[in-house]
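Notes for the one structure printed next.
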Amino acid sequence: MSDIAIDAPARPKGLLPGAATILAVSVYGWALLTAEEDWQVIGLLVLAAAVGLVGKLAGLGPKVLASWSSNEATMNGGAVLGLLAVIFALSTQHFPLLMLTTTLLYFIASLGLNIQFGYTGMVNFAGAAFFGAGAYTAAVLGGYAWIPPLLTILAGGVVAMVLSLLLVYPIVRTTGHYAAVVTIAFGVLFKTFLEVNEILGGPQGLMVESMKLPGWDFNNGPVLFGVEMSFYLNYALFATALVALIFCLVRRLERSWLGLHMDAVRLDETAAACFGISVHRTKILAFLSGNFILGIAGALYGMMISFIAPASFTFSDSLLMVSIVLLGGMGSPWGGALAAAIVVLLPEKLQVLQEYRFLLFSVLVMLVLLFRPDGLLPRQIRNYFPGREGGK
Amino acid sequence: MSERLLEFQAVTKRFGGVTALDSFSMHLDKGEILGLIGPNGSGKTTSFNLLTGIYPKTGGSIHFDDRDISSMSAREVYETGIVRTFQRSRLCLPLSIYDNIMVGDTSRLPKGLWSNLVRRRAFRRQYEETFKVARDLVATFSGNLADRMLDPVGALPMIERRRIEICRALISGPRLLLLDEPSAGMTHDETNQLMSDILDVRARGEGLSIIIVEHEMGVIERITDRCVVLSYGKKIAEGTYAEIACDKEVQNAYLGVD
Ligand SMILES: Nc1ncnc2c1ncn2[C@@H]1O[C@H](COP(=O)(O)OP(=O)(O)O)[C@@H](O)[C@H]1O
Ligand SMILES: [Mg+2]
């Protein structure tokens, strides 16, 4: 019984703790993304650890939580503003924007995995394959100029979902480890299929057309106040909108009867079935919708990096995605944001770590599972309409 | 003349070499409270598991309200109006009291993506209505719990969990309630209180039938209309409590004499 943290939010519930957190995280994010020297990065990491420790000792966590959940819409809006501020502060710098946007896309991917793993209890070790399916869809459809790229992104999700239909039968029929093994096999097959398939570019991969909206080619850096911005600014803004949309949908899912049924299936399939919950339907829904989200994120990712190859969608990448969910906290959307940032930024920022990143993350995941099994930002108990005491 | 609600006909269940239920026949009338008793391992829980579609039967048939429910899945059985509690509590511990109770009320609430994600105003109405109903139901069993509807069940003591499990079973307004040792771990007084609460809820609705597995013979005597006694998977006696209490075979089964 360690699924959900029980620290009850303390009153009073002003805006200050939440707003201060948004501000601090935004400034910190900007500093980390622009830090160039190893010593700066290490200094920032030490700072984060120190603030985390002091915050824990001073009992800041519950205060921030209370402030956040009593003003949730405002806080979520504030978080988007903070993100936009960071994006504009970085607007001329290619590399930091690329990293930030990659983080956002991995965050979206973690939201998809979260539906499967965090809510419904189905481990998916083929996350990178479904992400890749979206990216390859974008590559192929990009060749047809008449297809609106917005539709291509949707198609990325649909293709990932259709591919997951192949797995539905074995996954619904098996449980636990067996279902996990099925996804591993699929991920490996997917990569092998891409490598031998000449139409899809074989091991060399494919070019992907950039994202375009009417009158807005994402490959051109926008000019603001006479200054040319990085073209990644387009992607960062678009990814922000996508994150906001998908985050809201996943939150609504969690706070709905369907989300409740997913929890029930994860915690006790037999009891769930005895109360009329269709275990199969719930699992299929979670698997398909999660992979749809992965496919969408992958499609935009492909368009952004403009070149994809099978080597970008390996089993190791799937493991990284699962570790994001574990690190952040099962079923915790915000946890996914924090963990995505750690997993994407750390190896990029500390080049010495690049080679050891899988080792590093394995150790990190083990430490978290040992000492903080609910993740860095544990899931809170479900409150359908936070901010008002239920039904009173 | 009372009507049949449930009928077991020669129901048999074997687990490998173990015959857990051996050609077990019994019936339940509408509105009746039946005590299902017998020593440990005599097949009481197994008959609940077969009835609720958790295990397939080895033989025999089960009819509920003139429908053959023998091969229905657990979900289909629930839809007919049969609910249960479990001998070993099976709640979702990390979820709130409200959530656990709502797990029991799935047939009335929308299950579609569209109604759950998009029609939030309707959802909010459902939430507010069900919250009130669930809280009133909980309040019947424990006023203290009714003020903690959004607390996790895992933080509650065992006795409270049992009450919540019964609320989860009752929230859908079922026709047949199966109670598997509901008072395990409770004191004499708590058990009696629990039974009174269940009877209160029953009196408010129309004709809920109950099958109860219980070791407290005082409870059985007090609330049941009729009893069925199992021993080694076989029915050895049937009748009012007064009748079975002085049955020789029943006494032997309980004393372990053959
Ligand atoms: N899932 C199972 N697998 C194997 N044997 C079982 C299973 N469930 C019950 N049994 C056996 O069936 C018999 C009846 O058990 P049960 O119905 O639980 O008895 P009761 O509820 O009357 O104490 C016991 O011998 C028990 O060991
Ligand atoms: Mg039993």
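Annotations
- Selection count where residues are facing chain B (nearest Cβ under 9 Å), part of a helix (DSSP H, G or I) and charged (D, E, K, R), scope region A:267-288: 1
- Looking only at residues in region B:94-112 that are facing another protein chain (nearest Cβ under 7 Å) and at pLDDT below 95, the one that is nearest to ligand 2 (Cβ to nearest atom) is B:THR106.
- When B:GLU190, B:GLU216 are screened for being surrounded by fewer than 20 Cβ atoms within 10 Å (Cβ to Cβ), at pLDDT below 95 and within 16 Å of ligand 2 (Cβ to nearest atom), only B:GLU216 passes.
- Single unsatisfied condition, B:SER183 versus (1) polar (S, T, N, Q); (2) more than 16 Å from ligand 2 (Cβ to nearest atom); (3) more than 14 Å from chain A (Cβ to nearest Cβ): (2)
- Hey, B:PRO152 free of Cβ contacts under 8 Å to residues at least 60 places away in the same chain and more than 12 Å from chain A (Cβ to nearest Cβ) or not: no
- Hits in region B:66-95 - residues which are within 16 Å of ligand 1 (Cβ to nearest atom) and open to solvent by 50 Å² or more (accessible area, probe 1.4 Å): B:GLN87, B:ARG88, B:ARG90
Listed here are the residues, each with its yes/no results for (1) within 20 Å of A:VAL343 (Cα to Cα); (2) not aliphatic (A, V, I, L, M).
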| site | (1), (2) |
| --- | --- |
| A:ASP38 | yes, yes |
| A:ALA73 | no, no |
| A:ALA85 | no, no |
| A:LEU98 | yes, no |
| A:THR103 | yes, yes |
| A:ILE108 | yes, no |
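- Residues being within 8 Å of ligand 1 (Cβ to nearest atom), under 22 Å from B:ILE223 (Cβ atoms) and touching a residue at least 40 places away in the same chain (Cβ under 8 Å) - total across region B:1-42: 3
- Subset of region A:253-266 [out of contact with any Lys or Arg (no Cβ under 9 Å at 6 or more places or on another chain) and within 8 Å of another protein chain (Cβ to nearest Cβ)]: A:LEU253, A:ALA264
- Number of the condition not met by B:SER115 [criteria: (1) at the interface with chain A (Cβ under 7 Å from one of its Cβ atoms); (2) more than 20 Å from B:GLN193 (Cα to Cα)]: (1)
- Residues in region A:247-262 that are surrounded by fewer than 19 Cβ atoms within 10 Å (Cβ to Cβ) and among the hydrophobic types (A, V, I, L, M, F, W, C): A:CYS248, A:LEU249.
- Residue within region A:235-258 that is acidic (Asp, Glu), assigned by TED's automatic domain parsing to the domain that holds A:PHE131 and modelled with pLDDT of 95 or more present: yes
The values are calculated or read from the model by the stated rules, or taken from the named source; none is laboratory data. Since the model is a prediction, treat every value here as computed from it, not as a measurement. A quick note on method: Cβ atoms are made from the backbone with ideal geometry, for glycine too, and the neighbour counts reach across all protein chains shown. Note: accessible area is taken over every heavy atom of the protein model, side chains too, but ligands, DNA and RNA are not part of it. Shrake-Rupley method; radii C 1.70, N 1.55, O 1.52, S 1.80 Å.
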